[in-house]
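I have placed the structure first, in the form of structure tokens, so that the comments after it can refer back to it.
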Amino acid sequence: MAVVVLPEVHQELRVSQSLLLEVRSGDGRLPAAMAAVRDALLRLEAPGVDGGAERVAFLPPPVPLPGRQLLAVDFGSLPDEQVLAVPDLLVAELRRAGVGDAEVGVAHPGDLDNRPGLAPAVRAYLRGPVAAPFGDAPAGPPVALLDIAADWVVGRGVGQLSLVVFGVETALPAETASGVARSALATPGQATTVSLIADGAPVAAASVGTSMRDAARAAALTLAPATPENMRELRTLLRAHADAVVWAGVAAEPDARRLLAHGWAPQVEPGQAPPPDVAVLADVLVPEAMWYQILSAGHLERLGGPPPGAVPLPGARVELTVGEPEQWLPGHPDAAAVRRRARDLLAACLVDQGQAGGMMAARMRR
């Protein structure tokens, strides 16, 4: 029974000012001990060159996982002697909290964000209500989106799932995955992305997180390789949860890259300017034309009413489906035509970088 610091901790502290600590223990006092460790690290201080004080640059709360906790830390400009003394500080704080059996190491993110051969992919994007300072929704983690995403992944019937936080993968039984993911996402001040992966046929992944200082809450659900049937599956899922989103869409993409990302990223052709990130304007703008989209009151106001072909949904929302799912799959001869049609229908909700910047600035002023 002992608190052991693995040699890799000392080695990494000698060459890097930032690392992802992993503390393993079955002791029920570990969460309280890790809170004490964080407090001790936050108290580290050294004189700064401008007469101020140097402190830890980045230290969010620990993320709880089964049998272990992850603690991301960037020591900033603290002097080497203080940084190299951190292992002794960790041992002292763990023992002071009563944890007598623990192993302290370094977690290394894996290369999990793309699965070779999974092409094309279909992805559903969900945007929750926008929070301050860009919107009026209460602050907090996107737990409602996580519940939708986790229920979908778990419901696929794969016995064991992978939970990914900070790029670190943890295998979990399906019956515990939702609760563990919720605890990780709800860690105070922990603006991170939590992902669940089910390695079935097809591979299913769900990622949930925030951006823009937690104002934009989002989820992305991926099935790969894509088929028209699983595009329809995701449409049915979004339709059932339309009241939880201010915008949502289903898109076919060339591959399963960004499997662990919760946001939308454009497919930019060479020489083209990338479209703006409208995550904090999701209640009035759309990121891109897609096969299927859910539009809310702000979109309808900009469009002057429901676009042709839109179907009413509860909560003053409508759904818009353009063409057949197979027409949107990469390589289909109709792909360019259906995309142009969707862009024409949603033109008032598609803006350039300058327009998006102006709208964000106006919301900040408001």
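The values are calculated or read from the model by the stated rules, or taken from the named source; none is laboratory data. Keep in mind that what you see is a predicted model, and the values were worked out from it rather than measured. Reconstructed Cβ throughout: ideal geometry from the backbone, glycine too, with neighbour counts over all protein chains shown. Each accessible area value is taken on the protein alone, full model and side chains, heavy atoms only, with ligands, DNA and RNA left out. Shrake-Rupley method; radii C 1.70, N 1.55, O 1.52, S 1.80 Å.
Details
- Treating r as the C-beta distance of Asp352 and Val49 and R0 as 41 Å, the FRET efficiency rounds to 0.45.
- Estimated FRET transfer efficiency (Ala265, Asp39; beta-carbon r; R0 30 Å; 0.05): 0.20
- Loop-located GluC sites (Glu not before Pro) in the stretch 9-66 whose Cβ has at most 13 other Cβ within 10 Å (DSSP): Glu45
- Residue among Ala252, Ala36, Ala215 with the largest mean-square fluctuation in a Gaussian network model of the chain, springs linking Cα atoms under 10 Å: Ala36
- Note on the stretch 1-32 and the stretch 299-320: Cα centroid distance 52 Å, given to the nearest whole angstrom.
- Distance between the C-alpha centres of the stretch 233-278 and the stretch 208-226: 9 Å, rounded to the whole angstrom.
- Kirkwood hydrodynamic radius of the stretch 257-323, from inverse mean 1/r over distinct Cα pairs, in Å: 13.5 Å
- Residues of the stretch 153-277: accessible area per residue with a 1.4 Å probe, Å²: 39 Å²
- Average accessible area per residue (Å²) across the stretch 4-121 - probe 1.4 Å, nucleic acids and ligands excluded: 49 Å²
- Rounded to 10°, Cα long-axis angle of helix 353-365 versus longest principal axis of the chain: 60 degrees
- Contour minus Cα-Cα distance for Met364 and Leu112 (0.36 nm per residue): 87.1 nm
- With every protein chain in place, the chain: carbon and sulfur % of accessible area (1.4 Å): 53 percent
- Angle in degrees between helix 143-154 and the longest Cα principal axis of the chain, rounded to the nearest 10: 80 degrees
- Normalised by the number of residues in the chain, the average gap of Cα pairs under 8 Å and 6 or more apart makes the relative contact order 16 percent.
- Between 0 and 90°, nearest 10: helix 86-96 axis offset from the chain longest Cα axis: 80 degrees
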